[in-house]
Structures are given as C-alpha cells and as structure tokens.
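Okay, structure first, notes after.
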Amino acid sequence: MHQNTRKVNPEDDLGFGKQPVMKSQPVINKDGTINVKRTGLPFFNSLNSYQTMITMSWTKFWIVVLSGYMVANITFACIYVSLGTDSLDGKSGTTFFDHFMDAFFFSAQTISTVGYGHISPQGMAANCVAALESMIGLLAFALATGLLYGRFSRPTAKIRYSNNILISPYLENKRGLMFRLANVRRNILIDLEMEVLFSYNDEVNGKTERKFFPLPLERRAVSILTLNWTVVHPIDDDSPLKDFTQEDYKKAEVVFSVILKTFDDTFAQTVHSRTTYTYKDMVWNAKFKPTFDRDEDGRVVLHLENINTYEVLD
C-alpha cells in the first residue's frame, strides 16, 4: 500500500482516536449512529430508556407502546380473575375464558379512566386493584404523551445520501471523489456545511494505527438546498488519495466519514446528519445520472428515488 507521507494533524480525527478499523466496522455506521459498544455501566443507566424511546424507529416505538399496553391489561385481568368470579359486578360470561375477557376489557376501561359502567369492581380487594390501576394508567398515558410529543418536536435532518461513492471524471483529464445527497422533507435547509474525513489503517513502527485527513472539497458550503448536492473532492496532486489504488483502499480499510451541519428554517435550529462510506461502497470510473427534469409546466421535478443512479463509463 502507498505510504502517505503527509503530516497528520491530531485535531483531524474528530474524536475517533487512533484505533484501527477491523473487519469493516467503522466508528460511524451508515445510518449515522455510533458503532461503539459500551460496557461497565449500571443496569438502569445502560437502558437509557428515554433516549432509546425518542430515537428508535416509529415501528419499534409503536410495538413497545402496544406491547406495554397489552401486558399491563393482561396482568391486571389475571389479578381480577384470581380474586374470584364475584370480584366484578355486571360480567356476562359463563366460562373461564369469558370471565377473563370481561376482566381484560374492564382493565382496559380502568387503565384509560374511561369507565363505561357496565362492569364495576366489588369488594375491598377489587376496588383497591382498580384504584391502583387507574393511577398507573394516568401516569403511563402521561409518559406516553410526553414521549410522543418529544418524537414529533425533536428537530432532525432527514437527508438521503447516495448508496455509493464514485471515482468519476472531473474537469479535464482529472478525477474526483463524488457522492450525492438531497433533503427528503419539505422543510427548507439553509447554510449547509459539509465535512468529509478520509481515514485508513497504516503501519507505524510495526503497529497498526488509524490516520485521518480532512478532504478539501470543491464546494464546502451551500446557502440553500433546493435540489440535490453532489459533493466533490478533486483528486489532484494535493489530495491524500492521489496514489491510492483499488487494492490499497481495501487493504487499508478506508472509510469516508461524512458530517453535515445545517440550519432548519422550520424549527429555527441547527441540525446535523452523518453517514459513512467504506471501500465496499466505492465505484470506479462512473458518473451520476441526473436526478431532476421538468414537467409540462416547466417546473423542476426532483426524483429522490434516483439519488443513487449512476452509469459505469467505458
């Protein structure tokens, strides 16, 4: 592999450290999450329940909420059934399953404080359980409402990046490293600033270390993102990539870390987006196809589904 003789600036690693990348496991994942496993934390601290519920996908969030709701109702239904068939007045079932379903739906009414009045608790034990359940229901629904609001109100950037990073012809008889991105949402992103960090494994005194180089970009910032943005690093004589071959990229476990900072005009806050490209995502001698055209009224149409379309050149 070509040995890069550039002087490494210790401030260029962005906090990643000198640990080499092993088995294609970069510090930042493709979706922007941090690929670091933490151990030694207390059990409840390691759960990080609030942060997990806020940042998980909507599918997982609703699965957790609905699962918690079902478990709570089934648990209280079992308690009511264990207190005896006379613990609930107004039940209509005759079999054990009917009694359980009456208890389940009574629990659903109690935990949500609806109380239709068809079934009511009888006796001190059943009334105490119903009172406890109604209190737990108030607290649980208040917590769920807070989590739901937190998920909607949290400002985030929804950026779609191209799946691949290309080595493409650039200007006259030159090459460039290119990837593409676009805003998925209808909000306006202004004052975008892009940083691309090139890192690779290198042998230093018989020890494998990680080296970092910020890549100079053709355009580091744009004022507003209306269409797509093709980020380009010219591979010239000053580029740390100029002598790297395809085999060098693989051998050195090369990673390109992408960090985007922009201002969300809707929330009036700064938001961030991250992703990574590894040597497996690289396509040589290819160029991106256009992602937009015009409709019959002359209006520009951006095709987000084509953000990664490219053609390999002869």
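A few points about this structure:
- Residue ID - modelled with the highest pLDDT, chosen from residues in segment 121-155 that are surrounded by 14 or more Cβ atoms within 10 Å (Cβ to Cβ) and either among the polar types (S, T, N, Q) or at positive phi (or both): 134
- Complete set of residues in segment 78-102 that are hydroxyl-bearing (Ser, Thr, Tyr) and either surrounded by 17 or more Cβ atoms within 10 Å (Cβ to Cβ) or modelled with pLDDT of 90 or more (or both): 80, 82, 87
- Number of residues in segment 80-116 that are over 26 Å from residue 141 (Cβ atoms), of a type in the set (Val, Ile, Thr) and assigned to a helix (DSSP H, G or I) equals 1.
- Listed by first and then second residue, the pairs linking a residue in segment 151-174 that is under 19 Å from residue 302 (Cβ atoms) and without any contact (Cβ under 8 Å) to a residue 40 or more places away in the chain to a residue that is crowded, with 17+ Cβ neighbours inside 10 Å and among the aliphatic types (A, V, I, L, M), with Cβ atoms under 7 Å apart and 6 or more places separating them unless they lie on different chains, form an empty list.
- Residue check for residue 114: among the hydrophobic types (A, V, I, L, M, F, W, C) and free of Cβ contacts under 8 Å to residues at least 40 places away in the same chain: yes
- Residue match in segment 204-211 (condition: touching a helix residue (DSSP H, G or I) at 6+ places or on another chain (Cβ under 9 Å) and more than 14 Å from residue 166 (Cβ to Cβ)): yes
- Condition broken by residue 206, with the remaining ones in (1) in contact with a strand residue (DSSP E or B) (Cβ under 8 Å, 6 or more places away or on another chain); (2) farther than 30 Å from residue 303 by Cβ; (3) among the small types (Gly, Ala, Ser) satisfied: (1)
- Among residues of segment 226-250, those that are closer than 15 Å to residue 179 by Cα and either touching a helix residue (DSSP H, G or I) at 6+ places or on another chain (Cβ under 6 Å) or not in a strand (DSSP E or B) (or both), counted: 1
- Flag if residue 105 is without any contact (Cβ under 8 Å) to a residue 40 or more places away in the chain, aromatic (Phe, Trp, Tyr), surrounded by 13 or more Cβ atoms within 10 Å (Cβ to Cβ) and farther than 26 Å from residue 58 by Cα: yes
- 3 or more residues of a type outside the set (A, V, I, L, M) and under 19 Å from the mean Cα position of the chain (by Cα): qualifying strands (runs of 3 or more DSSP E) within segment 260-314: 269-278
The values are calculated or read from the model by the stated rules, or taken from the named source; none is laboratory data. No experiment lies behind these values; they were computed from the predicted model shown. Cβ: placed from backbone, ideal geometry, glycine included. Neighbour counts: every protein chain shown.
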